[in-house]
Every structure is written in C-alpha cells, then in structure tokens.
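Worksheet for the structure shown next.
The values are calculated or read from the model by the stated rules, or taken from the named source; none is laboratory data. As the structure is a computational prediction, the values presented were derived from the model and not from experiment. Ideal geometry is used to build each Cβ from the backbone, glycine not excepted, and the neighbour counts take in all protein chains shown.
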Amino acid sequence: MTLSGSELTRRAGLPGLLSMVVLAMTLFMAGDLSAQPTPPPAQTAEQQQAVGPVNQRQALDRVRARFPGEVISINEVRQGDRIRFRVRLDNEGNIYTVYVDKATGVVSRE
C-alpha cells in the first residue's frame, strides 16, 4: 500500500514525516558516498615536496627549482629544536631568504 504525502502527514504526524525524510536522506547519502572512492586530501606544494631528510645539495636544488635568482649563501641554522638551511638569494638586486627544513625537506619563504 502506497501512501501519499498528505496521508503520511495525517497518519504519522509532521514529526514522524520529518523523521522519515531525514532517515531516507541519510540512507541515500550513505549509499551514494560508499559507491564513490574518497579522494586523498589536497596537499600543498610544500607537503608534496616534503619527503624526508635532505642534504645541502638537495636543499639548493629544491630552492633553485622554486625561486628565481642567484644563491648568495647557504648556512645551516638551528631554530628551536629544528635545523634548517638558510638560503640567501639575489633576484635582480632584491635579496630574500628561503629556508629548507633539514629533517623534512619542506621549503618555506619567511
């Protein structure tokens, strides 16, 4: 036996109808989501690049691949409990600093 919306409202009352609608939507969504694979979380360029410990040469390669200019200097510096390579660059007279975390390989410009 199929009941129309008005018959459902009359028999179950509005709260009962709302409960059934919520249940139906929940079941629909659960079935729909399980059929599709969950995509991996989006990663930033830094996270994609972070692959583990890097040496000085690898740090320079990463910086040169992402930032323009000539390398002026590279130093290993301790900041708190982290060790990072501090790379100073000159891009047409504009001097700036880029850091590469030695343990993770994450490149950042601060």
Six or more apart or on different chains, Cβ under 9 Å: which pairs go from a residue in the stretch 62-80 that's acidic (Asp, Glu) to one that's assigned to a loop (DSSP other than H, G, I, E, B)? Could you list them?
Glu76/Lys102
Can we say Gly93 is at positive phi and either in contact with a helix residue (DSSP H, G or I) (Cβ under 9 Å, 6 or more places away or on another chain) or not assigned by TED's automatic domain parsing to the domain that holds Val54 (or both)?
no
